[in-house]
1. Please pick out the residue among Asp137, Asp96 that is in contact with an Asp or Glu (Cβ under 9 Å, 6 or more places away or on another chain) and not aliphatic (A, V, I, L, M).
2. Looking only at the stretch 50-84, count every residue that is assigned to a loop (DSSP other than H, G, I, E, B) and touching an Asp or Glu at 6+ places or on another chain (Cβ under 9 Å) and tell me the total.
3. Working only within the stretch 121-145, note down all residues that are more than 30 Å from Thr69 (Cα to Cα), free of Cβ contacts under 8 Å to residues at least 60 places away in the same chain and in contact with a Ser or Thr (Cβ under 9 Å, 6 or more places away or on another chain).
4. Among the residues of the stretch 100-120, count how many are closer than 23 Å to Ala68 by Cα and out of contact with any Ser or Thr (no Cβ under 6 Å at 6 or more places or on another chain).
5. Against the condition assigned to a loop (DSSP other than H, G, I, E, B) and over 30 Å from Gln226 (Cβ atoms), how does Gly169 come out, does it pass?
6. From the set of residues in the stretch 88-101 that are crowded, with 17+ Cβ neighbours inside 10 Å and at pLDDT 95 or above, which is farthest from Val136 (Cα to Cα)?
7. Exactly one of (1) within 21 Å of Leu231 (Cβ to Cβ); (2) over 29 Å from the mean Cα position of the chain (by Cα); (3) modelled with pLDDT of 80 or more is unmet by Thr69. Its number?
8. Has the stretch 232-240 got any residue that is modelled with pLDDT of 85 or more and within 11 Å of the chain's Cα centre (by Cα)?
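The values are calculated or read from the model by the stated rules, or taken from the named source; none is laboratory data. Please read these numbers as outputs of a predicted model, since none were measured by experiment. Cβ placement follows ideal geometry from the backbone for every residue including glycine, while neighbour counts extend to all protein chains displayed.
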Amino acid sequence: MVAQRLKKTMIAAGLALTAASAANAADYTPPPPPYVAPEPCCDNWYLRGQIGAGLMKADLDYSTQTNATLQHSSNADTFFVGGGIGYEWNNWLRFDATAEYRTKSRAYAFVTYPPSGVDEYQGNISSWVMLANAYVDLGTWNCFTPFLGFGVGGAYNTLSDLTDVNPNGGYGSGHNPSSWSLAWALHAGIAYNVSQNFKIELAYRYLNYGSISDTIDCSVTCTHDQLKYKLTSQDIMLGFRWTCCELPAPSAPPQYVYAPAPVYTPPPSYSPPPSYGPPLRSRG
């Protein structure tokens, strides 16, 4: 009978150990996969846009077959809008290529010639300007980054609707020419970091964008005058820069909480009752 009790006790202990092992296996969680940083999507490329106003100066180089004198010339200011693509080489050097359209500026000139002749010239100057630019960022303080830059490229200038009017009855008109010229620029400004991938900049730019020439064809009593405008501008420009994408800040790998294995408590052991010898026999 004692042997049967011991056998049952050993079976119960084995079942308890099996159940504890199964519970411990169920609580085990495999280790997390290795953390892999996200790949950069566009490196340091950015897109840019710009708008502004130009204090344009069209210096008139005037030549004529008569003994005429240029008394006065002037032109209106111009506005421009453009965009481009750039690359940040590092945190202080960047490059971009831009293209912009400069709206028509009205040009006027007043010429006199003896004995009492008068000519008035009027026309419109517009341009496309393409530049390759390099900038040096001078450090960032409280999200503000001053910078200097230089650009070189080309300008496609157009002189349209040029007329020569003589109040005494003469009249002539131009040929609406367009031509390419060398262009170059100097930049100075300051950028503000609105976010990781968006910046606003306010800049001054001196722009020299070549020249444009035309010749007057006379319709009524005028001379075949030649006009050449040398074009420069002092620009105030508002720019915007967007990086191609914004990478999220690297995060720590997920933390896993492991439940401790249950503490195994062995079942109680039973000892056989003590033996007191053979039973007493009564005297009878």
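1. Asp137 is the lone residue from the list that is in contact with an Asp or Glu (Cβ under 9 Å, 6 or more places away or on another chain) and not aliphatic (A, V, I, L, M).
2. Summing the residues that are assigned to a loop (DSSP other than H, G, I, E, B) and touching an Asp or Glu at 6+ places or on another chain (Cβ under 9 Å) in the stretch 50-84 gives 4.
3. Trp128, Met130, Leu131, Ala132, Asn133, Asp137, Leu138, Gly139
4. Count: 10.
5. Criteria not met by Gly169.
6. Glu100
7. (1) is the only condition that Thr69 fails.
8. yes
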